[in-house]
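Report on the following structure.
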Amino acid sequence: MSAVVAYGLAGAGLVAVGLYALVVHEHLLRKILAINVVGNGVFLVIVAAAQRGPGVPDPVPHAMVLTGIVVAVSATALALALAVRVRDATGQPRLAVPADGTAEPSAGRPDGAAR
Amino acid sequence: MSRPEPVSAAVRSLAGLLALGLGTLVGWVVLTLPESTGLREAVAAQMDRSGVTHPVTAVLLNFRGYDTLLEVAVLLLALIGTWSLRLAPAERSPDRPGLVLRELVRLLVPLLVVIAGYLLWLGAHAPGGAFQAGALLAAAGVLLMLAEVRPLGRLSPAVLRLLAALGVAVFLAVALLVMVQGRLLEYPVAWAGGLILAIESAATVSIGLALAYLFLGDEPRVGSGRGRAG
């Protein structure tokens, strides 16, 4: 098995691990991290797919991944800001609605800190 | 977390099966990919018209310049979106940053700026370019924020906003101006190298500023005394 195939399989593994974590974790920070793990798995698979056969790799997938990394970083930053806002507004770092169906008032911030 | 995970065992096993299935599928695709050179030959055939000698930079800034233009715009949008959330400013520690941090910043920041310039220049013929350089500038900015040094603190918020938008503005201006002779983002061969360097220089400044301010979270304000960005 060549190193390139190992990269591709590692990427597939990261996609699986990240998808599992995305579903089972409620905390928004964990969800954001999980999406990043999935995304990096996809990047690994694409970079591995750029090298199929002898010689230098195909530069187009590399450029795509470079673009993807910047977009992923931008989206992560915005997601983190939204998560902070959700916690400030509801006092909870998660999206789940409480069992009685009412959202908590914004005053109910248990830790008192803005960030 | 102190609270027990409310996700039930059924959901967990379903998610596990789903993840395992998807991972196996992607792994199988990786193992069965046919041998191919992809677009390597097509890129190589056009390299001497790209204005640069590194194929990834040629794809990023010339052949697929449209992707990169939108990517810089996405970064700016993320910054505008984050600022529009009006997060509370970060709590300032009552202690001053320690001596080690301050001295480390004094050593590292000039070095980071020089290496960023080097990577920007290197991008034309080797791995490097605007994004790598911008990331280093952002690292310098974050270090400055942590050390509570603010060399850009005296710039007005309007100037900082203009600098954050500079990359998109220059990229868009070049994209439109070359339409005089051709089509959107089709640089004249003789000018391609210079135009790419101009776009990348502007993008480096904007990327560094945007990433550093995304770290800070809140937007620069007039006279707040908290514009401690680098």
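The values are calculated or read from the model by the stated rules, or taken from the named source; none is laboratory data. Fair warning: this is a prediction, and the values are worked out from it, not measured in the lab. Neighbour counts run over all protein chains shown; Cβ positions are idealised from the backbone, glycine included.
Quick check: anything in region B:117-131 surrounded by fewer than 18 Cβ atoms within 10 Å (Cβ to Cβ), within 16 Å of the chain's Cα centre (by Cα) and modelled with pLDDT of 95 or more? Don't jump to the end; show me each part of the working.
So in region B:117-131, the residues surrounded by fewer than 18 Cβ atoms within 10 Å (Cβ to Cβ) come out as B:117-118, B:121-122, B:125-127.
Those still in the list that are within 16 Å of the chain's Cα centre (by Cα) too: B:117, B:127.
Within this subset, residues satisfying the condition of being modelled with pLDDT of 95 or more are B:117.
Yes - at least one qualifying residue is present in region B:117-131.
How many residues, within region A:58-93, are closer than 19 Å to B:ASN62 by Cα and more than 9 Å from chain B (Cβ to nearest Cβ)?
Here the count works out to 1.
Evaluate the following for B:LEU163: is it surrounded by 21 or more Cβ atoms within 10 Å (Cβ to Cβ) and part of a helix (DSSP H, G or I)? Explain how you work it out, then say what you get.
Numbers: surrounded by 21 or more Cβ atoms within 10 Å (Cβ to Cβ): no; part of a helix (DSSP H, G or I): yes.
Answer is no for this residue.
Out of all the residues in region B:74-87, which are part of a loop (DSSP other than H, G, I, E, B), touching a helix residue (DSSP H, G or I) at 6+ places or on another chain (Cβ under 7 Å) and touching a residue at least 12 places away in the same chain (Cβ under 8 Å)? Working first, answer last.
Pass one, region B:74-87, residues part of a loop (DSSP other than H, G, I, E, B): B:85-87.
With touching a helix residue (DSSP H, G or I) at 6+ places or on another chain (Cβ under 7 Å) added as a condition, the list becomes B:85, B:87.
Residue satisfying the conditions is B:LEU87 alone.
Looking only at region A:1-17, decide whether some residue is surrounded by fewer than 20 Cβ atoms within 10 Å (Cβ to Cβ), more than 8 Å from chain B (Cβ to nearest Cβ), among the polar types (S, T, N, Q) and closer than 23 Å to A:VAL70 by Cα.
no
Conditions (1) part of a helix (DSSP H, G or I); (2) not assigned by TED's automatic domain parsing to the domain that holds B:THR204, marked per residue:
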{"site": "B:VAL11", "(1), (2)": "yes, yes"}
{"site": "B:LEU14", "(1), (2)": "yes, yes"}
{"site": "B:LEU18", "(1), (2)": "yes, yes"}
{"site": "B:LEU25", "(1), (2)": "yes, yes"}
{"site": "B:VAL52", "(1), (2)": "no, no"}
{"site": "B:ALA58", "(1), (2)": "yes, no"}
{"site": "B:THR68", "(1), (2)": "yes, no"}
{"site": "B:VAL72", "(1), (2)": "yes, no"}
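Could you tell me which numbered condition B:LEU104 fails, if it satisfies all but one of (1) part of a helix (DSSP H, G or I); (2) closer than 20 Å to B:LEU195 by Cβ; (3) more than 18 Å from the chain's Cα centre (by Cα)?
The failed condition is (2).
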